[in-house]
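A short worksheet on the structure shown next.
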Amino acid sequence: KILRANLSDLAAMGAVPRAYAMGLALPAGLPANWLAEFAAGLASDQALFGVTLIGGDTIRASGALTLSLTAFGEVPQGQALRRSGAQVGDDICVSGTIGDAALGLLAAEGGLSTLSQPERSALITRYRLPQPRTELGKRLIGQASAVIDISDGLVADLGHICAASAVAACIEGPLVPLSPAAAAACDADAKLLNRALSGGDDYELLITAPQAAAGELASAAKSADVALSRIGTIYEGSGVRIMTSDGEEMNFTNAGYGHF
């Protein structure tokens with residue numbers, strides 16, 4: 001997960017992943033097979049995403065297991081995607097489905113008992129093993145006006161784009177794509193929709209683009225074999241609103257993770 005989360009940051013800038021450096025602080029009580037299994041997982045993802053471990057450091061820890069990772073990617077000079085280019089009238093789109101990870105954490109903690117075991121397992125897997133959209137990210141160069149990956153939550157990360165671009169955003173709630181498992185959870189408890197839209201760890205791409213680029217975006221998503229959904233529009237002003245099917249604005253007690 002630590003590798004994939006960093007690759008998602010590269011995808012949001014349109015970069016092709018190349019390498020990473022990792023630091024490990026290993027406690028004395030770590031199970032003997034943990035490091036071998038962890039290395040095997042890294043090896044599998046290195047082959048999958050085309051990256052190489054190029055260095056780092058390993059030390060003994062007196063406390064908890066600690067990991068740090070820095071990923072490196074390559075993007076054509078001057079063409080890196082940023083969060084500061086959204087323009088009034090742009091479409092807002094997302095890859096994949098939203099809210100699975102936040103609900104997956106809830107399921108991993110013993111919640112969502114009304115769901116079937118396959119549904120709970122699907123959500124937990126999405127929380128524990130995100131899918132960085134590296135193939136889509138590099139295809140957004142020249143099409144998207146702003147991109148960010150959804151790590152803090154849909155509402156919070158769209159807020160980051162709005163703040164950096166000096167614009168406002170309106171999301172049409174019914175257009176936000178939910179997986180079957182997430183939809184089942186929200187149908188059983190309507191309050192969970194708030195959690196799905198504000199929770200983090202989805203690592204999907206949140207994209208703004210001119211309406212005229214809709215065809216090119218669809219082609220890029222098809223080439224990357226990733227679902228892409230239009231969910232709203234950029235407006236003048238500031239902040240993020242999410243509207244229900246009844247035209248009412250949703251209220252959020254938690255707008256997502258805050259770094260400061």
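The values are calculated or read from the model by the stated rules, or taken from the named source; none is laboratory data. Since we're looking at a predicted model, the values are computed, not measured. Positions of Cβ are generated from backbone atoms using ideal geometry, with glycine treated the same way; all protein chains shown enter the neighbour counts. The area values use the complete protein model at the heavy-atom level, side chains included, leaving out ligands, DNA and RNA. Shrake-Rupley method; radii C 1.70, N 1.55, O 1.52, S 1.80 Å.
Work out, step by step, the length gained on full extension between Leu129 and Ser44: first 0.36 nm times the residue separation, then minus their alpha carbon distance; give nm to one decimal.
Length difference between fully extended and current span is 29.3 nm.
May I ask you to give the solvent-accessible area per residue for the chain, in square angstrom, as obtained with a 1.4 angstrom probe?
Accessible area per residue, the chain: 48 Å².
If you average 1/r over every pair of different alpha-carbon atoms in the range 74-115 and take one over that average, what Kirkwood value in Å do you get?
About 14.3 Å for the range 74-115.
Carbon and sulfur: what percent of the chain's accessible surface (1.4 Å probe)?
52
State whether the range 37-139 is rounded, prolate or oblate according to the following rule on the C-alpha gyration tensor (a ≥ b ≥ c being the square roots of its eigenvalues): a/c under 1.5 gives rounded; otherwise a/b larger than b/c gives prolate, and the remaining case gives oblate.
Oblate, since a/c reaches 1.5 and b/c is not below a/b.
Tell me, what is the Rg over Rh of the range 161-260, with Rh the Kirkwood radius over Cα pairs?
That ratio is 0.96, to two decimals.
Calculate the FRET efficiency for Ala166 and Phe72 from the Cβ-Cβ distance with a Förster distance of 30 Å, rounded to the nearest 0.05.
Result of the calculation: an efficiency of 0.50.
Under the Karplus relation 6.51 cos²θ - 1.76 cosθ + 1.60, θ = phi - 60°, what is the ordered set of whole-Hz ³J(HN,Hα) values for the range 221-236, x standing for Gly and Pro?
So the J values, rounded to whole Hz, are 5, 5, 5, 8, 6, 10, 5, 9, 10, 7, 10, x, 9, 8, 10, 6.
Given H placed on each backbone N at 1.01 Å, which residues far from Asp90 in sequence or on other chains put an amide H within less than 5 Å of it?
Under 5 Å from the amide H of Asp90 lie the amide H atoms of Ile234, each far enough along the sequence or on another chain.
What are the trypsin sites (Lys or Arg not before Pro) within the range 178-260 that DSSP puts in a loop, where the Cβ has at most 16 other Cβ atoms within 10 Å?
Lys191
With n ≥ 4 as the cut-off for DSSP H runs, can you work out [θ] at 222 nm for the chain, using -39500 (n - 2.57) per run divided by the number of residues, rounded to the nearest 500?
Rounded to the nearest 500, it is -10500 deg cm²/dmol.
For the chain, what is Rg from Cα atoms divided by 2.2 N^0.38 Å, rounded to two decimals?
1.04
Work through the residues other than Ile92 whose Cβ is under 12 Å from its Cβ and net out their charges, Lys, Arg +1 and Asp, Glu -1.
Result for the neighbourhood of Ile92: -2.
Quick check: net charge around Ala185, other residues with Cβ under 15 Å of its Cβ, Lys/Arg +1 and Asp/Glu -1?
-2
Residue by residue through the range 146-158, which ³J(HN,Hα) values in whole Hz follow from phi under the Karplus form 6.51 cos²θ - 1.76 cosθ + 1.60 (θ = phi - 60°), with glycine and proline marked x?
These are the phi-based 3J(HN,Hα) values: 7, 9, 8, 8, 8, 10, 7, x, 4, 5, 5, 6, 5 Hz.
Calculate the tail of P(r) for the range 90-201: the fraction of all Cα-Cα distances greater than 21 Å, expressed in %.
38
Through the Karplus equation 6.51 cos²θ - 1.76 cosθ + 1.60, θ set to phi - 60°, convert the phi angles of the range 92-108 into ³J(HN,Hα) values in whole Hz; use x for Gly and Pro.
10, 10, 9, 8, x, 10, 10, x, 4, 5, 4, 6, x, 4, 4, 5, 5
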